[in-house]
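Report on the structure given below.
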Amino acid sequence: MTDAFFTCRKNVLLAKNPATQIEGVCAAARGALVPEEKEVLLQQWVEEGVGNLPASESVPAVRKVSVTLTSDWLEGSELLMTSLSDLNTSPEVIRCADQQLSELNTLASLELQDHAGAELARLPAEETVTVAGSAPWAAVVPQTDHQTADCAGISVEVLNDDPAVLAWSLACDAETVPPVLPAQPIQDAVPFYPAPTEVPYHEILWRDWEDLSVQPCVLEQVSKNTPLFEFRVMSYNILAQDLVEQGLDLYVHCHPDILNWSYRLPNLLQEIQHWDPDVLCLQEVQENHYWEQLEPTFKEMGFVCFYKRRTRTKTDGCAVCYKHSRFQLISLSPIEYFRPGLDVLNRDNVGLVLLLQPVLPEGLGLKAVSPLCVANTHVLFNPRRGDIKLAQVALLLAEIDKIARTTEGSYYPVILCGDLNSVPDSPLYKFIRNGELSYHGMPAWKVVSGQEDFSQQLYSRKLLAPLWPSSLGVTDKCQYVTLCQPKKPGRRQYSRDFLLQFRFCDIACERPPQLVLLEGVTDAKPVVSARKHSAVTAVPKRHNPLSFLGKRCSGVIQHGLNLTSVYSHFLPQRGRPEVTTMPMGLGATVDYIFYSAEPVESKAGECRRLYKDGALKLLGRLSLLSEDVLLMANGLPNPFCSSDHLCLLASFGLEISSL
């Protein structure tokens with residue numbers, strides 16, 4: 001009964017502006033109940049509630065109280081788009097029989113305290129029910145699993161209002177304050193706290209747009225005579241519904257209603273529609289939801305969409321969408337990180353790499369703009385397997401190197417989005433940003449995530465070089481071997497059988513000075529009787545075609561893409577780090593948008609590479625929130641943010657040059 005009444009209050013609290021609607025969101029999965037079934041269900045709730053009342057408590061008698069009821073029992077997604085005024089003035093309502101009135105009054109008495117029940121009993125006839133300290137609300141029968149509304153006829157509309165919250169902010173009266181959602185504690189974790197009653201949700205979760213185009217450093221680089229091709233990029237982990245149902249213990253702080261896909265989908269689409277990105281990179285996109293709901297809706301919004309499901313039996317994946325009015329596709333390259341037989345690449349994560357050509361508006365004359373490479377991925381979560389994460393990122397960077405490389409050997413501008421499951425001070429983050437990582441001997445848990453500290457373990461897994469075998473075809477510079485610089489012309493080619501004749505010669509048994517000593521790998525001296533060691537035999541560089549083994553054993557990997565992060569990962573005005581997700585009540589940054597920049601010469605001894613904007617310029621970004629702010633809103637997801645991640649949004653400009 002408490003949950004039922006909570007749903008009534010929550011649904012009305014979440015009522016949106018009536019002009020904001022969503023079209024083509026979801027079709028009805030099941031039909032609504034007939035009136036007889038509604039009455040039976042309501043009667044069952046009343047009987048259960050009355051049975052649980054103590055004998056000393058009595059139900060207040062209310063003779064004439066008009067409670068507005070929606071004729072079709074509006075469900076979550078429909079009620080979200082209906083304002084309080086619409087509910088209270090609907091001509092379809094104001095129909096309550098005496099029996100229904102007494103049943104609803106019994107339901108109200110279970111939720112309200114004694115003093116609230118007394119206030120309710122004193123209400124005059126035909127007056128709207130009002131809970132003390134809250135906005136007027138219309139009692140609506142709560143949603144159940146076998147009731148799903150038909151949302152097929154809903155349309156999307158962007159209001160000409162302040163852009164920060166108009167899609168999901170409360171229509172608050174100055175005299176009323178929305179009720180507080182109850183917070184449920186999480187065992188062995190930081191407790192969640194409900195939002196204070198005097199601060200509405202939309203003010204707690206307010207995110208500012210940071211205009212970086214007015215900064216002096218940007219103004220100096222952008223000449224007044226140099227036009228820019230401006231566009232927005234969003235990266236968003238939307239939380240696949242299958243993963244929600246498989247890990248409900250992670251969301252015990254959430255009311256079950258806000259975890260329903262029929263509730264979450266309109267909110268997610270409304271948020272995307274509001275911020276209106278030109279390029280959209282999504283993670284944790286469930287396959288059936290993509291094909292049945294997301295792709296059709298995105299096509300109506302003007303997007304061209306590409307999807308890659310995770311391998312084997314996984315049901316979610318990554319999607320990249322771009323507006324066909326702003327970009328044209330040059331090439332598409334999906335990536336599967338699963339490689340049979342390789343322990344370091346035995347997981348089902350995937351990625352997408354696209355090369356897009358910006359579409360210039362008419363009237364610019366003979367102008368040109370560089371193609372843009374967009375990559376999207378979702379890296380393995382397991383905090384203990386940093387070796388797998390590092391190998392997945394190296395494979396992604398090798399694919400970007402192939403797609404974004406120009407004929408002159410340089411690179412087109414690159415934007416890398418995704419959930420990397422790594423914090424900003426982790427070695428993996430530093431590798432992407434600084435272009436180099438020495439990983440040999442590093443604990444696997446430390447390499448990437450930094451999400452958990454396993455330093456107290458006596459036998460932690462350590463990374464050894466080489467991280468992946470040469471059969472993968474990827475060098476330690478994160479490039480495909482087939483795309484590396486060709487061999488010098490005129491160099492002789494030797495067959496394998498010819499080279500095997502020399503595997504036991506004297507010079508082959510000498511250790512090259514540059515060969516790194518690895519116990520059990522390169523410490524064995526080859527002899528004729530020990531055939532099993534012949535595969536690791538090395539000869540001097542001028543004779544051995546596999547002389548790169550010595551370099552691959554250095555334990556250092558590199559890349560040359562010059563990437564930097566859109567976000568600084570710190571909120572100076574609050575003195576706290578930025579947060580993109582809240583697993584079990586603990587804030588962390590694991591989602592990123594990296595983009596191409598030009599390196600700046602740093603001072604001697606600085607290990608952090610410095611950048612400035614090049615042809616691709618960062619013009620603005622949507623601010624992130626801190627952990628304490630999200631705790632005030634009861635963490636993620638919550639009634640207004642329908643994913644366990646915050647979306648990332650950035651505005652870029654590409655220089656337009658003359659032909």
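Here are some notes:
- Cβ-Cβ under 6 Å pairs, at least 6 apart or on other chains, the stretch 502-513 side open to solvent by 100 Å² or more (accessible area, probe 1.4 Å), far side of a type in the set (S, T, N, Q) and in a loop (DSSP other than H, G, I, E, B): none
- From the list L420, L355, L416, L364, the lone residue that is farther than 25 Å from F570 by Cβ and at pLDDT 95 or above is L355.
- Residue among S449, S455 that is surrounded by 24 or more Cβ atoms within 10 Å (Cβ to Cβ), modelled with pLDDT under 95 and not in a helix (DSSP H, G or I): S449
- Verdict on Y611 being surrounded by 21 or more Cβ atoms within 10 Å (Cβ to Cβ), assigned to a strand (DSSP E or B) and not β-branched (V, I, T): no
- Search result, residues across the stretch 283-297 that are among the polar types (S, T, N, Q) and open to solvent by 10 Å² or more (accessible area, probe 1.4 Å): Q286, N288, Q293
- Residue within the stretch 274-290 that is within 18 Å of the chain's Cα centre (by Cα), closer than 24 Å to W209 by Cα and assigned to a helix (DSSP H, G or I) present: yes
- Condition met for Y263 (in contact with a Phe, Trp or Tyr (Cβ under 9 Å, 6 or more places away or on another chain), in a helix (DSSP H, G or I), open to solvent by less than 10 Å² (accessible area, probe 1.4 Å) and at pLDDT 95 or above): no
- Residues that are more than 16 Å from the chain's Cα centre (by Cα) and of a type in the set (D, E, K, R) within the stretch 241-273 comprise E245, D249, D257, listed in sequence order.
- Taken as a whole, the stretch 233-240 holds no residue that is more than 14 Å from the chain's Cα centre (by Cα) and either touching a residue at least 60 places away in the same chain (Cβ under 8 Å) or open to solvent by 20 Å² or more (accessible area, probe 1.4 Å) (or both).
- Of all residues in the stretch 312-354 being assigned to a loop (DSSP other than H, G, I, E, B), free of Cβ contacts under 8 Å to residues at least 40 places away in the same chain and not basic (K, R), the one that is farthest from A394 (Cα to Cα): S325
- Residues located in the stretch 309-361, provided they are open to solvent by less than 70 Å² (accessible area, probe 1.4 Å) and acidic (D, E): D316, D348
- Restricting V379, V350 to residues that are in contact with a His (Cβ under 8 Å, 6 or more places away or on another chain) and β-branched (V, I, T) narrows the list to V350.
- In the stretch 550-581, the residues that are farther than 29 Å from E601 by Cβ and out of contact with any strand residue (DSSP E or B) (no Cβ under 8 Å at 6 or more places or on another chain): G550, R552, C553, Q573, R574, G575
The values are calculated or read from the model by the stated rules, or taken from the named source; none is laboratory data. Being a predicted model, the structure only gives us computed values, none of them experimental. Heads up, the Cβs are rebuilt from the backbone with ideal geometry, glycines too, and the neighbour counts pull from every protein chain shown. Keep in mind that these areas ignore ligands, DNA and RNA; they rest on the heavy atoms of the full protein, side chains included. Shrake-Rupley method; radii C 1.70, N 1.55, O 1.52, S 1.80 Å.
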